[in-house]
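Structure first, then comments.
Only the coordinates and a few stated rules stand behind these numbers; no lab work does. This is a predicted model, so every value here is computed, not measured. All Cβ positions, even for glycine, are placed from backbone atoms using ideal geometry, and neighbour counts span all protein chains on display.
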2 protein chains.
Amino acid sequence: MQKTDVTLVRQVNIRATLRALRAGGAPTLTELARATGLSRQTVETVLAELAGRGLAREVPPSEGGPGRPARRFRFRADARYALGLDVGAHRVLALITDLDGTVVGTERAAVAADAPAAERLTALRAVAEACLTRAGIVRTRLGAVAAGTPGVVDRSGRVTVAGALPGWSGLDLAGVTGGWFGRPGFVGNDANLAAVAEHWRGAARHAGDVVYILAGHRLGSGILIGGRPHLGRTGAAAEIGTLRLLGWEDAPAELTGEATADQIFAAAAQGDPTALKAIDRYAHRVAQGASALILTIDPELVVLGGGFSHAGDLLLTPLRAHLTPLCLTPPEITASTLGDEAVALGATRLALDHIHQDLHI
Amino acid sequence: MQKTDVTLVRQVNIRATLRALRAGGAPTLTELARATGLSRQTVETVLAELAGRGLAREVPPSEGGPGRPARRFRFRADARYALGLDVGAHRVLALITDLDGTVVGTERAAVAADAPAAERLTALRAVAEACLTRAGIVRTRLGAVAAGTPGVVDRSGRVTVAGALPGWSGLDLAGVTGGWFGRPGFVGNDANLAAVAEHWRGAARHAGDVVYILAGHRLGSGILIGGRPHLGRTGAAAEIGTLRLLGWEDAPAELTGEATADQIFAAAAQGDPTALKAIDRYAHRVAQGASALILTIDPELVVLGGGFSHAGDLLLTPLRAHLTPLCLTPPEITASTLGDEAVALGATRLALDHIHQDLHI
DNA sequence: TCAGATATGCAGAAGACTGACGTAACCCTG
DNA sequence: CAGGGTTACGTCAGTCTTCTGCATATCTGA
């Protein structure tokens, strides 16, 4: 129980008003009063306070219609911005959204897979700075920074295990990225953040318990319980088991071999038996790892993401076939709808959560 | 966002006061004011309202000491009672607690493992009624009823799958048991409720994410995420996988064979190699199922409960030995501290949760 | 220009909390 | 047994937040 405060009611009403304000376009006081169940008078004073905090502004009344024109208000989504970063093996990506989650800038750069940590960080900082500059965001409007990375992340934002990236283990990624901009920094596992993004605005919008499979150059997994990532004791609940025990580390290389993934899937689309067989073997590997997660969590939905998810049914169909005998009642399985920006989007969601707390929204 | 109300502050302060009231023995107004951060005046009016609702009463002031004797108040834990039931294959058990969770009555009866559902229900109702009568609880003080049962329970309190109990599948256990007393009824899976009980007042008091293994005449499992049972899409998150796929259904019979479990563990304690080997084989089976749960959830703690957990290290040691190679960093594993009343205790916790809501506590 | 419709703005009242001040009850000391 | 010290009680005024009702302002259409 937190400290009791007389202004608690005001806090609650501010939240309710903001909710209603953000839902519609440019509501009037009367509309807001109806939506929140508050009196018009209360809504008015709340809006005055929100305007003072820079979170709401009055817009010109609409024309036409009988009666006195109503004052209209709009949520200032530009009051703060969130910077989301995605550190991959082959590229880094930065993405900026406003408070509504609307993407206002994005920037990416290639990085060698064997680049040392310092080089990767330099590239990351460069895309982040470029993204801010090109979007024209002043530093004071940046609320928080968050990054997604392969590997295990502890609760303080430190990367404890990251075999995929040279020199990455032990890095205080939250501190470093936040420090660049003098803002709070946060870090999450890439699969977990992609899952968060899918829940926020992707394929898992209506599911609370979700198993997410990241199928790309690297194979990973994440879990959402009640819409929130489940991290576990060491911060890698879903990952820790699947990674080494079931051979997930080798599976992507085994699929592609000498060719690229695009070539394999293109060949399979043409009916090439060798490619089809390779994909089936890959799907079998994935299914074996996923079944442990699915049987334990009994999720509402399984989302397949990562670069390979572009293949769609080419990969989903064999995956479903291999999962069915392993699960008693197989859950729905669907492909990601967010593309390769899922991790960065999930990172901005992580940053936005902190910004909301910070603004007492 | 619920309806906005000026009296929201009062609600919050009632909760805060109750919390402080329940923590200590018989606090004074001044002590409560200090504990809650409220003014003495506010605490006084809150207590008057609580007394009116039957949730607090004034007790005689303590003697001695300088100054005017302070009025002292006490939480009325006897305002409502919770009835918890445990339906087992060989026996039924009823347990009554007051609002503080103090057990004020318990009753049990043996039931044949192959008894039809009607007979089992009659026995269950008999122990429940006897428990209430012997504890002297009037019906109006009974707040809610909850029951634990083997098998899968859906969100409405209906048993959907229960292979262990004849005729049990499809039973609306929540409706039936609640109907006996004209009170709301709730039902949970036995392993899940035992896990809840361990988190409430047993071995898992300080752990949020817990894997619970029910090792008795039947082998089952439950999961706690953040201290709350994780049910999953169909209501049997942890169970569904372990039950059939890994041969957990046969494991108990395989261990005991012709003898009883007590005989096996007694022989093992004497160093009997056949008994030790049987236990080791059993532990191996358990570890294989548990590892999937542990690797997925990455729990802070694994609790071994059920009848066989009495064996203690005799079973824990081989279990740890088999789990270690399966987990990268094995979590702590400990035995239940609640004995065979864990399921019924978890059921009363489930009932108490509802009673608290009902009383707006 | 007037009537109807819609929104605003002000005043009064109610619920809840706080802080201050005077009063009551008890113990200890002389 | 009387007085002082100590602790707690109880009342009162003041503040914050909200809601309701009524008068006022502004626009459209006839």
- Item | FRET efficiency for residue B:71 and residue B:357, using Cβ-Cβ distance with R0 set to 35 Å, rounded to 0.05 | 0.75
- Message: Mean-square fluctuation check for chain B, GNM, Cα pairs under 10 Å: which of B:344, B:23, B:89 is largest?
- Response: B:23
- Item | Cα centroid of segment A:141-179 to Cα centroid of segment B:319-358, whole Å | 34
- Taking the Cα-to-Cβ direction at residue A:41 and at residue A:119 and moving 7 Å from each Cα, how far apart do the two end points lie in nm? 6.9
- Message: At a threshold of 8 angstrom on Cα-Cα distance, excluding pairs fewer than six apart, so keeping six or more, what relative contact order does chain B reach in percent?
- Response: 16
- Expressed to one decimal in nm², the mean projection of the alpha carbon convex hull of segment A:273-326 is 3.8
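How big is the antiparallel share of DSSP beta bridges in segment B:88-204, given as a percent to the nearest 5?
If we restrict to bridges inside segment B:88-204, about 65 percent are antiparallel.
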- Query: Within chain B, what percent of beta bridges assigned by DSSP are antiparallel, to the nearest 5?
  - Reply: 60
- Message: Can you compute the helix-only [θ] at 222 nm over the protein assembly as shown? Use -39500 (n - 2.57) per DSSP H run of at least 4 residues, normalise by all residues, nearest 500 deg cm²/dmol.
- Response: -13500 deg cm²/dmol
- Item | For residue A:77, inter-copy label distances in nm, listed shortest first [label point 7 Å out on the Cα-Cβ vector] | 5.4
- Message: Assume the label is 7 Å from Cα along Cα to beta carbon: what separations in nm does residue B:270 have to the matching positions in the other copies?
- Response: 7.5
- Task: Take the alpha-carbon centre of segment A:56-70, take the same for segment B:24-84, and report the distance between them in whole Å.
- Result: 54
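Quick one: work out the % antiparallel among DSSP beta bridges in the protein assembly as shown, nearest 5. If you can, show how the numbers build up before the last one.
On the way: 58 of 98 bridges.
Bridges in the protein assembly as shown that DSSP calls antiparallel: roughly 60 percent.
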- Task: Report, in debye and to the nearest 20, how large the dipole of chain B comes out about its Cα centre when Lys and Arg carry +1 and Asp and Glu carry -1 on their Cβ.
- Result: 1560
- Message: With the label 7 angstrom out along Cα to Cβ, how close does residue A:22 come to the same site in each of the other copies, in nm, nearest first?
- Response: 3.2
- Query: According to the square roots a ≥ b ≥ c of the eigenvalues of the Cα gyration tensor, what is the shape class of chain B, taking rounded for a/c under 1.5, prolate for a/b larger than b/c otherwise, and oblate for the remainder?
  - Reply: prolate
